[in-house]
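Enquirer: Structure provided below as structure tokens; questions to follow.
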Amino acid sequence: MKRVTTVLCLLAIALLARPMLADDAGARPNIVYIIADDMGYADAGFNGGKEIKTPAIDSIAAAGAILKQFYVQPVCSPTRASFMTGRYPMRMGLQVGVVRPWAEYGMPLEEQTLPQGLKSAGYETAIVGKWHLGTVTPAYLPTARGFDHQYGHYNGAIDYNTHIRDGGFDWHKNDKVNRDEGYSTHLIGREAVRLINERDKNKPLFLYVPFNAVHAPHQVPDEYTKPYDNLKGTRKTYAGMLAAMDEAIGKILKAIDDNGLRKNTLIVFHSDNGGPSPGKVTDNGSLRAGKGTVYEGGVRVCAVAAWEGHIKPGSVVDQPMHVVDMYPTLLKLAGAKVEQKLPLDGMDVWATIASGQTSPRKEILHNTAPGRGAIRMGDWKLVIGGNISETEGPEPTAADANPAAAAKPAADAPAAGGPRQKRQARRADGGPQIELFNVAKDPSEKTNVAEANPDKVKELRARYDVLAAQAVAPKSAPKAAGFKTPKVWGEKD
Ligand SMILES: [Ca+2]
């Protein structure tokens with residue numbers, strides 16, 4: 001009798017202790033989170049783009065929701081820091097520019113990260129693509145920030161083929177140098193597919209896929225530009241790069257389907273900032289300006305989310321949300337702890353994404369940096385010193401990434417990809433220009449209504465000043481004198 005009881009007890013314990021399979025998870029989805037780099041708002045077919053074919057990302061839109069008012073930061077690193085932490089970059093000193101290869105800082109180590117939170121809730125976590133949040137010591141690298149797996153590069157603007165940035169080699173697996181050869185978009189797609197196929201089936205998967213595409217330098221195998229002979233120069237190359245990224249995303253979606261994971265996988269796709277050189281290289285539609293600015297063309301990006309049975313197919317969510325919101329939203333979906341020591345800026349926007357409910361987000365701090373920034377409250381947006389680009393200096397070109405390759409004659413010489421907004425907004429007295437827009441009535445920000453609405457300006461300015469006072473000093477700094485590029489980024493020579 002005693003033995004039978006023991007066996008029954010052991011059986012009961014075994015059943016209770018059985019690992020929670022992803023299929024059982026129900027409300028604990030796999031999360032496949034794809035970010036494009038520097039893609040134009042209207043270059044997505046689902047946002048009305050006609051010139052470039054994006055069937056894979058359009059299929060995510062068809063299977064889920066187009067997020068019409070999805071906001072990010074004006075450049076790469078701040079958006080990624082917001083996503084990783086649920087906190088505005090001004091709280092981390094990351095509000096100016098990007099984390100440069102030589103930077104002696106990164107995303108501060110006291111920050112709690114999304115993959116750490118998901119991992120503690122039982123997720124397998126992976127990053128495949130661009131990190132861009134610092135390499136100054138190994139403690140800043142992805143596997144030290146909550147990722148079980150890492151594959152890809154640390155810096156922005158790597159050469160797609162040689163994987164070199166500024167003379168240093170920048171391709172890694174699990175934060176060790178990796179010599180896989182090939183076009184980076186292909187490698188990123190291939191590794192993402194492998195991780196889906198070979199995932200730990202006892203755990204839900206968080207797969208973060210930040211492509212370096214379609215950022216400069218503009219490089220793509222010729223086969224991808226062939227359908228775009230009607231386009232000229234860098235625009236044509238960009239079209240091919242986008243087509244290659246869309247193809248890789250198609251392979252990731254196929255892997256999700258092949259593994260029967262559609263019903264328990266949330267898929268998100270968006271750009272990390274607006275398109276640079278809008279009207280020349282990228283297309284931000286009717287939105288004003290582009291990358292590096294706090295105008296809509298810089299911070300409002302193409303975005304979609306799909307999860308079978310949870311997000312209505314073919315829906316359009318025209319409600320404001322910010323990438324900072326994805327941190328608590330995803331942690332809650334994963335059943336992870338959201339409470340933490342450092343205060344969150346993000347809000348749970350799941351009900352808005354899933355069923356179009358009114359967004360809980362009533363204000364967005366687009367940015368605050370010395371002398372410039374922007375805030376949206378309701379339909380109103382205040383821009384301070386807006387025409388000054390947040391990028392420091394020109395965007396890197398192929399020559400920066402790999403001088404030898406750039407010296408070869410190219411059929412399509414890459415132009416500087418950066419927006420380099422004209423620095424024309426200074427008032428005669430040197431103070432920053434103040435602009436007020438009603439972005440509901442005037443999403444193209446054509447008419448500055450600041451003078452006609454002094455009370456609105458005062459109201460938004462007061463709130464902006466409260467938030468700006470919470471900022472820590474920007475960490476951005478010029479390259480240190482005597483800095484020597486390591487052979488491999490993230491390693492000491
Ligand atoms: Ca970017």
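Enquirer: Here is a list: ILE384, ILE388. Which entry is crowded, with 19+ Cβ neighbours inside 10 Å, modelled with pLDDT of 95 or more, among the aliphatic types (A, V, I, L, M) and touching a Ser or Thr at 6+ places or on another chain (Cβ under 9 Å)?
Expert: ILE384
Enquirer: For a quick check of your reading: which helices (runs of 4 or more DSSP H) sit entirely within the stretch 1-64 and have at least 1 residues that are at pLDDT 95 or above?
Expert: Of the helices (runs of 4 or more DSSP H) lying wholly inside the stretch 1-64, those with at least 1 residues that are at pLDDT 95 or above span 55-63.
Enquirer: Where residues in the stretch 39-95 are farther than 30 Å from ASP257 by Cβ and of a type in the set (Lys, Arg), which of them is least open to solvent (accessible area, probe 1.4 Å)?
Expert: ARG87
Enquirer: Among the residues of the stretch 195-229, count how many are farther than 26 Å from VAL281 by Cα and among the acidic types (Asp, Glu).
Expert: Number of matching residues: 2.
Enquirer: Would you check if LYS408 is out of contact with any helix residue (DSSP H, G or I) (no Cβ under 9 Å at 6 or more places or on another chain) and either modelled with pLDDT of 95 or more or open to solvent by less than 40 Å² (accessible area, probe 1.4 Å) (or both)?
Expert: Here the answer is no, as LYS408 does not meet what is asked.
The values are calculated or read from the model by the stated rules, or taken from the named source; none is laboratory data. All figures in this text were calculated on a predicted structure; none of them were measured in a lab. Counting neighbours? That spans all protein chains shown, and the Cβs are built from the backbone with ideal geometry, glycine included. Heavy atoms of the whole protein, side chains included, go into the accessibility calculation; ligands, DNA and RNA do not. Shrake-Rupley method; radii C 1.70, N 1.55, O 1.52, S 1.80 Å.
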